[in-house]
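Here the structure is laid out as structure tokens; the discussion comes afterwards.
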Amino acid sequence: MQPAPTFPAPVQELVAQILAEAGPPGTPQQERYLREILTTVVRLVRDDASTGDLKIINTALKEMRYAFKVFAPYRHVRKVSAFGSARTKETSAAYRQAREFAERICREGFMVLTGAGGGIMRACQEGSGRERSFGVNIRLPWEQGANEFIAHDPKLITFKYFFTRKLMFIKEADAIVLFPGGFGTHDEGFESLTLVQTGKSRPLPIVFLDAPRATSWKTWKRYVDDHLLRPGLVSADDMRLFTVTDDIDEAVAEIRGFYRVYHSSRYVGDRFVIRLNATLPLALVDRLNEEFRDVLQEGAFEVAEALPEERGEPEIAHLPRLVFRFNRMRFGRLRAMIDLINRAGPEPTVLAPPQHTAEGGLV
């Protein structure tokens with residue numbers, strides 16, 4: 001890619017003036033990104049971008065800005081994105097399973113995001129209740145209306161584009177649960193798996209939840225086993241990235257247990273930093289160095305305090321860290337390591353609130 005052209009001093013001064021007139025930009029890093037956004041707009045003029053391209057950029061940027069604003073007051077609450085068919089009947093076992101799951105996971109302190117429509121989406125928002133729900137609706141030619149449990153709520157957002165909507169589902173999620181559904185549900189499930197498998201999303205639980213004794217996702221997993229895993233199109237480690245069950249207790253335990261000791265993670269330069277709800281004993285760190293050397297680029301796992309680059313997150317500055325140089329390839333093995341930390345680590349005294357500001361859930 002060719003280096004971006006520099007602009008004459010008057011253009012740079014105008015960008016700075018616009019930022020100054022809009023108000024204080026916050027941190028130097030925020031100011032840098034705002035300058036780059038405005039500079040990109042100027043480059044669109046130089047590129048003679050078409051009206052159609054400008055329309056896409058304009059709509060997408062407005063949708064993201066508004067969604068970020070809606071979610072901002074809830075950045076310290078963990079959330080579960082729930083997917084499933086809009087055609088599921090209220091009398092079905094899948095509907096009852098979705099409603100009960102949402103009710104149960106909200107009792108654990110989570111909020112629920114759905115597509116705000118009918119079927120499984122309605123069931124989850126009936127179970128979670130308006131106060132614990134977000135609606136991430138899509139504008140369709142036949143005007144999919146929001147269900148009554150989230151309609152007219154300030155936490156309801158309607159998108160024109162699927163890609164901006166899906167960005168919010170992933171960016172804000174601390175866990176993903178999928179109920180039986182059609183093309184859209186499978187699209188969202190495979191995209192979630194792809195983002196975690198490739199490290200473009202932070203690690204998080206992905207649960208495929210059937211109705212009791214139903215086989216939709218069990219059949220799907222047999223397909224994955226037979227046609228993806230067996231011929232080597234995915235690795236055995238990748239199978240650690242998701243859980244298939246028809247048991248609500250197991251689904252809730254999978255999500256809750258993921259955050260027992262593990263709190264969050266981010267990259268700081270070439271180091272991967274895992275924030276923890278409790279300090280790992282040296283014996284466990286030694287075990288990680290012995291059993292998970294294959295995830296290291298070099299060096300070893302080390303316990304540390306917050307790094308200087310994390311100073312913009314004071315709410316979690318007190319948390320202990322596990323720091324290492326991750327090879328950015330073995331994400332299934334990384335998940336296996338997190339599972340071991342959660343099983344073998346000490347019981348936390350108090351769980352720290354989540355933090356959705358460092359990298360927005362996307363890497």
Where in the stretch 257-273 does the amide nitrogen come within less than 19 Å of the point 7 Å from the Cα of GLN297, taken along Cα to Cβ? 265-273
Backbone HN-Hα couplings from phi across the stretch 121-126 [Karplus 6.51/-1.76/1.60, Hz, Gly and Pro as x]: 4, 5, 4, 5, 7, 5
Alpha-carbon centroids, the stretch 87-145 and the stretch 300-338: separation in whole Å: 34
In Hz, Karplus ³J(HN,Hα) per residue of the stretch 210-220 (6.51, -1.76, 1.60; θ = phi - 60°; x = Gly, Pro): 8, 5, x, 6, 7, 10, 4, 7, 5, 5, 4
Too long at a 30 Å Cα-Cα cut-off: which of LYS89/LYS155; LYS160/LYS221; LYS62/LYS218? LYS160/LYS221; LYS62/LYS218
With +1 on the Cβ of every Lys and Arg and -1 on the Cβ of every Asp and Glu, the dipole magnitude of the stretch 219-363 about its Cα centre, in debye rounded to the nearest 20, is 220
Would you calculate, for the chain, the mean residue ellipticity at 222 nm contributed by helices, counting each DSSP H stretch of 4 or more residues as -39,500 (n - 2.57) and dividing by all residues, to the nearest 500? -13000 deg cm²/dmol
Between THR279 and residues 5 or more places away or on another chain, the pairs with built amide H atoms under 5 Å apart involve none
Please work out which option in (i) 21.1; (ii) 27.2; (iii) 16.8 gives mean projected area of the Cα convex hull in nm² calculated from these coordinates, and answer with its label. (i)
Spin-label zone in the stretch 70-104 - amide nitrogen under 19 Å from a point set 7 Å from the Cα of TYR161 along the C-beta vector: 70-71
Let me spell out the model: positive unit charges on the Cβ of Lys and Arg, negative unit charges on the Cβ of Asp and Glu, origin at the Cα centre of the chain. What dipole size does that give, in debye rounded to 20? 460
Most fluctuating residue given options TYR223, TYR95, TYR267, as computed from a GNM of the chain linking Cα atoms under 10 Å: TYR223
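Quick check: residue separation of ARG328 and HIS76 times 0.36 nm, minus the Cα distance between them. What number comes out in nm?
Values: separation 252, 0.36 × 252 = 90.72 nm, distance 2.72 nm.
The span from ARG328 to HIS76 would gain 88.0 nm if fully extended.
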Could you tell me which trypsin sites (Lys or Arg not before Pro) in the stretch 231-260 are loop residues by DSSP with no more than 13 other beta carbons within 10 angstrom of their beta carbon? none
List the trypsin sites (Lys or Arg not before Pro) within the stretch 116-222 that DSSP assigns to loop and that have no more than 16 neighbouring Cβ atoms inside 10 Å. ARG139, LYS160, LYS200, ARG213
Inter-probe distance in nm under a simple model that places probes 7 Å from Cα toward Cβ, at ARG139 and LEU282: 6.2
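Which FRET efficiency value, to the nearest 0.05, is calculated for ALA344 and PHE183 with the Förster distance at 45 angstrom and r the Cβ-Cβ distance?
It comes to 0.65.
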For the chain, which span is the longest to avoid every loop-located (per DSSP) member of GluC sites (Glu not before Pro) having at most 16 other Cβ atoms inside 10 Å? 149-304
Per-residue HN-Hα couplings for the stretch 149-165 [Karplus 6.51, -1.76, 1.60; θ = phi - 60°; Hz; x = Gly/Pro]: 7, 10, 4, 6, 7, x, 8, 9, 10, 10, 10, 7, 9, 5, 5, 6, 5
Report the label-to-label distance for ARG130 and THR245 in nanometres (one decimal), using points 7 Å from each Cα along the Cα→Cβ vector. 3.2
Distance between modelled label sites at ILE18 and LEU54, nm, 7 Å Cα→Cβ extension: 1.3
Calculated FRET efficiency for the pair THR194/LEU229, C-beta based, R₀ 25 Å, to 0.05: 0.95
Sites matching chymotrypsin sites (Phe, Trp or Tyr not before Pro) across the stretch 29-87 that sit in DSSP coil, with at most 16 neighbouring C-beta atoms within 10 Å: none
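No lab work stands behind these numbers, since they all come straight from the coordinates. Every value quoted in this text rests on a predicted model; they were computed, and no experiment measured them. When we count neighbours, we look across all protein chains shown, and the Cβ atoms used for this are built from the backbone with ideal geometry, even at glycine.
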